[in-house]
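All remarks here apply to the structure that follows.
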Amino acid sequence: MKSLVQEMLDLSRAEQVDIHYKHELTDVKNIINQVFNNFSMIHPDFVFNLDDDLAGNVMVQIYRNHFEQILIILLDNAVKYSTNRKEIHISVAEDLYDIQIAIQDFGEGIAPEDLQKIFNRFYRIDKARSREKGGNGLGLAIAKELLDGYQGNITVESVLDFGTIFRIRLPIYREEK
Ligand code: ATP
Ligand code: MG
């Protein structure tokens with residue numbers, strides 16, 4: 001478990017993205033497979049499903065630890081806020097410019113009035129269920145800061161008591177010819 005201090009340090013580092021790590025290249029398939037395998041191992045009671053539509057090895061311009069951290073934050077939430085149906089779908093696709101990753105759970109969901117607030121620092125939905133689960137309300141703020149720093153974005157769709165999909169987008173790195 002991460003301490004609050006550790007998470008705050010991560011958050012302050014996320015704000016310095018463009019200074020230090022702007023030029024790192026990361027292989028999308030490689031990191032997704034690694035995180036997928038780790039989560040499958042750590043949570044044997046869950047079914048993780050990976051739908052990878054990438055034609056080949058796609059590179060994105062992001063420091064690999066940051067990319068990994070974003071995926072871990074979203075998968076950690078998907079596990080934590082699942083209820084009876086312990087199933088998580090990850091899908092990866094690309095278009096001309098971007099890769100898109102979707103992480104879907106079938107858990108408690110998020111009410112419309114909370115949807116935009118969940119990306120704020122320290123915001124946690126004040127439900128008995130999520131209070132019990134612990135956490136600092138920093139995961140999504142860190143993920144968003146990181147993605148903003150790398151010209152990416154994150155969006156969410158959710159239905160209360162049915163489930164949630166987070167979608168992230170990052171520009172594909174193409175070598176100039
Ligand atoms: P931390 O990630 O710092 O350990 P946290 O999980 O509470 O704590 P965030 O990851 O930032 O913080 O999420 C903020 C809030 O958004 C959560 O407390 C929860 O109420 C809600 N939330 C996030 N992901 C989901 C999800 N997949 N399903 C339902 N609610 C979610
Ligand atoms: Mg979290």
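What follows draws every value from the coordinates through simple rules; no lab data is involved. Bear in mind that the values here come from a model prediction, so they are computed numbers and not experimental data. Cβ placement follows ideal geometry from the backbone for every residue including glycine, while neighbour counts extend to all protein chains displayed.
Structure notes:
- Pairs of lysine residues in the chain that meet both criteria, 8 or more places apart or on different chains and Cα atoms under 27 Å apart, total 27.
- Percentage, to the nearest whole number, of Cα pairs in the chain over 24 Å apart: 36 percent
- Gain in span if fully extended, Asn30 to Glu175, counting 0.36 nm per residue against the direct Cα distance: 50.3 nm
- Calculated FRET efficiency for the pair Asp148/Asn84, C-beta based, R₀ 30 Å, to 0.05: 0.30
- Lys133/Met8 FRET efficiency (R0 25 Å; Cβ-Cβ; nearest 0.05): 0.80
- In terms of packing, defined here as the mean over residues of other Cβ atoms within 10 angstrom, the peptides 38-44, 68-74 line up highest first as 68-74, 38-44.
- If the segment from His20 to Asn38 were pulled out straight at 0.36 nm per residue, it would be longer than the present Cα-Cα gap by 3.7 nm.
- Ranked packing of 49-60, 78-89, most packed first, by mean Cβ within 10 Å: 78-89, 49-60
- Axial C-alpha extent at least 30 Å, average Kyte-Doolittle at least 1.6 - helices from the chain (DSSP): none
- In terms of its Cα atoms, segment 78-144 spans 43, 28, 21 Å along the principal axes, sorted from long to short.
- Once the C-beta distance of Leu50 and Phe162 is scaled by a Förster radius of 30 Å, the resulting FRET efficiency is 0.85 to the nearest 0.05.
- Listed residues Ile154, Phe36, Leu11: farthest to the positive end of the dipole of the chain (Cβ charges): Leu11
- Taking Tyr150, Tyr21 and counting other C-beta atoms within 10 Å, the order from fewest to most: Tyr21, Tyr150
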